[in-house]
1. When 64, 95 are ordered from fewest to most other Cβ atoms inside 10 Å of their Cβ, what list results?
2. Taking other Cβ within 10 Å of each residue's Cβ, how do 105, 54 sort, fewest first?
3. What shape does the range 26-116 have by the C-alpha gyration tensor, where a ≥ b ≥ c are the square roots of the eigenvalues, rounded means a/c under 1.5, and otherwise prolate means a/b greater than b/c and oblate the rest?
4. Order of 115, 88 from fewest to most other C-beta atoms within 10 Å?
5. Given contacts defined as C-alpha pairs under 8 Å and at least six residues apart, what's the relative contact order of the range 26-116, whole-number percent?
Amino acid sequence: MIRTTLARLAPPLLVAASLAACSSRPPADSVAAQVTFGVQMAQRGLWNEALFRFEQARRLSPDDTRALNNLAVSYEAVGRFEDALTAYRLAAQADPNNRALKQNFARFLEFYQAYRAKPATASQPPAPASPAPEPAPPPAGGAS
């Protein structure tokens, strides 16, 4: 009898629990969700996945400073320095007073100027900035 009752109650409880869990998270196609997941991937060193997520966030909100800053950091980490420069510039235009962005951009410019000043040799691939700046943390409260 108890077994039968549990068997009948389990599916509705699972559905209710699933709905409750889903309602507390931002939708997967939201900027906040993409940035949060991208940060998690970057922290694990999975820069190509992080880059993909930050590109998705930018697609959803082209002027989102967090997405642009993290996109620039990811471009840096994978050696796409020209793209990093462009993303940093766009982020700085969108939010010129963002302190974390200013710090990341300044570090990148210092590296990038030295990188551009070195003569390229065929035997040496460009070295990425090391260490890559930390991606900006996800937003508190899940707001985009």
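Readers should treat all values here as calculations from the given coordinates under stated rules, not as data from a laboratory. Computed from a predicted structure; not experimentally measured. Here the Cβ positions follow ideal geometry from the backbone for every residue, glycine too, while neighbour counts run over all protein chains shown.
1. 95, 64
2. Ranked by crowding around the Cβ, least crowded first: 105, 54.
3. Here the range 26-116 falls in the oblate category.
4. 115, 88
5. Worked out over the range 26-116, it gives 20 percent.
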